[in-house]
Amino acid sequence: MSASTLFDKIWDAHVVRELDDGWSLLHIDRHLLHDLSGPPAMVELRKRGLEVHDPDLVFATPDHLVSSAANRTIDSNEFGGAMWSALRDEAERSGIRMFDLGTVGQGIVHVTGPEEGIVLPGLTVICGDSHTCTNGALGALAFGVGTSQSTQALATQVLAQARPRQLRISIDGTLAAHVTAKDVALALIGRFGASAGAGFAIEYAGPVVEAMEMDARLTLCNLTVELGAKFGLVAPDSTTVAWVRGRRFAPAGAEWQRAIDAWAKLVTDPDAVFDRDEVVDATTIGPFVTWGTSPEHAIAIDDVVPDPAGASDTRQRESWQAALDYMGLRAGEPIAGTPVDWVFIGSCANSRLSDLRAAARVVEGRAVASGVSAWVVPGSEVVRRDAEAEGLDAVFRAAGFEWRLPGCSMCVAANGERVPPGARCVSTSNRNFVGRQGPGARTHLASPVTAAAAAIAGRLVDVRCA
Amino acid sequence: MSREPFRTVTGAAAPLLRPNLDTDVIIRIDRMVSTRPAALAPFAFEAIRYCADGSDNPDFALNHDRFRGAPILIGGPNFGCGSSREPAVWAIMGLGIRCIVAPSFGDIFRANCHQNGLLPIVLEETDVADLAAVAASGAPVTVDLQAQRVTASERVWCFTIGANQRVALLDGLDDLDLALRDLDGIRTWEHADRELRPWAWITTRPGKRSTA
């Protein structure tokens with residue numbers, strides 16, 4: 001038998017039928033629904049007179065459209081109520097589990113899926129959400145789909161997929177203090193570009209990844225789609241197994257032993273060949289932030305805003321200039337020192353307990369700069385409760401942050417929680433697109449500690465000197 | 001359900017060559033929540049299509065007379081990157097566009113295009129630039145899916161597309177209909193897999209398992 005990659009092994013175990021041209025009909029083991037993409041797929045299914053093939057494998061929670069305000073109700077904003085009701089009604093009708101507001105399991109779908117043991121190593125996972133790649137951190141083959149494919153998987157539990165090419169990114173060295181998985185991800189996107197992963201599945205490997213705790217791996221895999229790939233994954237290891245054990249929907253008893261025996265085989269064989277193999281030394285990576293309107297517009301915090309004159313071609317020069325104009329920045333100026341109006345700590349990239357702990361350590365005993373609005377939106381109800389049990393909410397509140405309720409909130413602004421036009425936000429989310437956080441909003445992506453330091457300073461700062 | 005088959009398309013090809021044109025820019029998230037899929041066209045590309053006062057942005061190609069109603073878009077690298085939102089495809093199709101030619105696409109966007117009969121064609125970046133130059137006057141471009149060729153002003157560019165996807169587009173087939181034909185095979189596979197990977201299956205009905 002020829003050598004296989006981690007990706008090959010999971011893929012091959014899910015082929016229901018081979019199609020032509022390198023395509024396969026893949027079984028989908030878990031299907032996550034949220035309040036934005038779930039209802040249209042469910043409604044389409046019903047319009048076609050079809051039933052959910054296996055409701056046990058489908059899980060729903062509202063995250064995109066729900067308010068993050070304290071004492072929220074489903075109608076706390078003008079957008080969410082109807083979609084929440086639709087998700088609840090359709091889930092009920094089909095016998096799909098839904099984790100509702102205020103209950104364990106509610107939260108950003110890519111935070112709660114792993115947290116509840118719904119996502120496991122070796123599974124195929126889909127969601128109508130591009131950041132489904134986050135779940136690859138457990139060694140799952142997880143990818144985002146649109147409404148049509150979500151509907152198809154609800155009806156049949158399979159999807160036709162083309163086997164992607166494979167890229168391995170090995171991250172050598174060690175991470176310096178205050179340098180996080182988010183900084184590594186931004187550094188990779190800055191170096192390779194936002195389309196480097198198009199048509200690829202990416203396996204992250206090497207000593208830095210092996211040393212990462214699960215939260216950090218989830219952050220790293222989360223930004224895979226910002227590298228252009230819809231799959232990102234990390235081989236499951238003892239860190240993964242220890243993390244999954246005992247979670248609500250994780251296997252137990254005799255099944256647990258069979259599971260960990262199976263997961264032990266989920267590694268890339270030593271002589272497996274990748275279509276592209278990259279090695280990155282993390283030792284020199286410092287805190288990163290974005291300056292423009294694509295995640296590939298990423299630079300070290302001690303760097304200067306690039307000059308379009310130095311762009312590689314006309315198209316890039318125009319796009320850099322457009323980004324500078326939108327962001328209200330000047331070429332050649334240090335990015336550190338840029339004044340900020342908003343700080344958002346949250347999103348499926350960085351809203352887990354370890355993210356909030358790290359940010360709280362920066363904030364503790366200090367105060368948010370005057371004129372800065374700073375929010376913390378925990379990724380899930382469990383994260384919220386755990387953080388409050390540790391007193392993290394008190395640390396943030398004492399510093400002048402708003403401590404809010406779990407959801408996607410200001411990462412995607414679907415619930416009306418927007419950064420105002422022209423305002424500048426340091427955000428721990430994953431997208432700095434034009435208008436992403438609201439029309440005219442200016443986003444700088446950063447790690448939780450860099451965002452926390454910016455809230456205190458009122459400007460972008462190097463957290464290592466803050 | 002079947003879609004309109006895709007054979008050939010002829011018409012103006014509008015250039016939208018900025019790299020990394022993401023689906024947030026193609027359709028704003030609040031529009032997709034508040035608007036029927038069939039009514040999204042006025043909001044397609046709104047962040048770059050209109051000026052702050054709501055008037056047409058003269059820098060946006062589809063606002064030029066020669067490109068109004070163009071059935072073909074010429075995109076830059078990584079066209080449709082970002083969010084998986086399928087309304088991005090619906091909004092573009094609402095403008096009457098049937099085909100996008102670009103050096104590369106966001107993978108999920110590209111899959112969504114196929115689900116809706118919008119043809120995404122990948123050409124080398126230099127070929128895309130050449131095509132854009134030829135099409136800049138508004139001269140008609142023809143896309144022939146059967147022949148896998150793009151022609152304009154006596155120039156020809158060949159493209160390739162997976163056999164399954166080509167047939168699905170040519171015949172207007174729907175992936176869901178195709179997959180439903182596999183249901184027996186799916187059930188057989190699932191039965192075997194429950195023996196092989198019992199740990200991968202969740203077998204309790206909602207409500208029967210204790211919840212916190």
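Quick notes on this one:
- Cross-link pairs exceeding 20 Å in C-alpha to C-alpha distance, out of A:Lys9/A:Lys230; A:Lys9/A:Lys182; A:Lys47/A:Lys230, comprise A:Lys9/A:Lys182; A:Lys47/A:Lys230.
- Loop-resident chymotrypsin sites (Phe, Trp or Tyr not before Pro) (DSSP state other than H, G, I, E or B) in the stretch B:145-204 with no more than 10 further Cβ atoms inside 10 Å of their Cβ are absent.
- Solution diffusion estimate, µm²/s, Stokes-Einstein, chain B, Kirkwood Rh from C-alpha pairs, 37 °C, viscosity 0.692 mPa s: 173
- Share antiparallel - DSSP beta bridges, chain A, percent rounded to 5: 25
- A:Lys47 contributes an accessible area of around 150 Å² to the protein surface, as traced by a 1.4 Å probe with all chains present.
- List B:His191, A:His27, ordered by accessible area with a 1.4 Å probe, largest first: B:His191, A:His27
- The Cβ shell under 12 Å around A:Asp281 holds other residues with a net charge of -1, Lys and Arg each +1, Asp and Glu each -1.
- Part-to-part distance (alpha-carbon centres) for the stretch A:432-466 and the stretch A:219-275, which is given in Å: 31
- Filtered trypsin sites (Lys or Arg not before Pro), the stretch A:270-355: DSSP coil and at most 16 other beta carbons within 10 Å: A:Arg330
- In this structure the protein assembly as shown gives 35 Å² per residue of accessible area when probed at 1.4 Å with all protein chains present.
- Whole-Hz couplings from phi, Karplus 6.51/-1.76/1.60, listed for the stretch A:35-44; x for Gly and Pro: 6, 8, 9, x, x, x, 5, 5, 5, 4
- Three-way shape label, the protein assembly as shown, alpha-carbon gyration tensor, a/c 1.5: rounded
- Nearby aspartates and glutamates by direct alpha-carbon distance to A:Lys265 (threshold 19 angstrom, same-chain neighbours under 8 apart not counted): A:Asp8, A:Asp12, A:Asp29, A:Glu203, A:Glu210, A:Asp237, A:Glu255, B:Asp193, B:Glu195
- Amide H to amide H distances under 5 Å link A:Gly458 with A:Ala369, where only residues 5 or more positions off or on other chains count and H is placed in the peptide plane.
- Residues A:Ser347, A:Ser76, B:Ser34, ordered by accessible area of protein heavy atoms at a 1.4 angstrom probe radius and largest first, appear as B:Ser34, A:Ser76, A:Ser347.
- Other-chain or far-sequence residues with amide H under 5 Å of A:Arg168's (modelled H): A:Glu203, A:Arg276, A:Asp277, A:Glu278
- Solvent accessible area, Å² - B:Cys158, 1.4 Å probe, full protein context: 100
- Residue-wise HN-Hα coupling along the stretch A:71-77, computed from phi with Karplus coefficients 6.51, -1.76, 1.60 (Hz; x: Gly, Pro): 6, 5, 10, 5, 9, 5, 9
- Positions from the stretch B:13-56 whose accessible area shrinks by 30 Å² or more when the full protein complex is built, not the chain alone, probe 1.4 Å: B:Leu17, B:Pro19, B:Asn20, B:Asp22, B:Asp24, B:Arg28, B:Ile29, B:Asp30, B:Val33
- The longest part of chain B holding none of the exposed loop GluC sites (Glu not before Pro), meaning those outside H, G, I, E and B in DSSP with at most 13 other Cβ atoms within 10 Å, is B:1-123.
- From its DSSP helices (H runs of at least four residues, each -39,500 (n - 2.57)), chain A gives a residue-normalised ellipticity at 222 nm of -9000 deg cm²/dmol.
- Under Karplus coefficients 6.51, -1.76 and 1.60, residue-wise ³J(HN,Hα) of the stretch B:55-60 in Hz, glycine/proline x: 6, 5, 6, x, 7, 9
- The 1.4 Å probe gives accessible areas that order A:Met83, A:Met327, largest first, as A:Met83, A:Met327.
- Here the protein assembly as shown has 49 percent of its accessible surface on carbon and sulfur atoms, given a 1.4 Å probe and all protein chains in place.
- Area accessible to solvent at A:Leu175, 1.4 Å probe radius, in Å²: 60
- Put simply, the amide H of A:His444, placed in the peptide plane, has neighbours under 5 Å in A:Cys425, A:Val426, A:Ser427, leaving out anything fewer than 5 places away on its chain.
- One chain, two ends: A:Ser312 and A:Ala398. Fully extended at 0.36 nm per residue, the span grows by 26.2 nm beyond their Cα-Cα distance.
The values are calculated or read from the model by the stated rules, or taken from the named source; none is laboratory data. As the structure is a computational prediction, the values presented were derived from the model and not from experiment. Here the Cβ is made from the backbone with ideal geometry for all residues, glycine too, and neighbour counts use every protein chain on show. Ligands, DNA and RNA are excluded from the accessible area calculation, which covers all protein heavy atoms including side chains. Shrake-Rupley method; radii C 1.70, N 1.55, O 1.52, S 1.80 Å.
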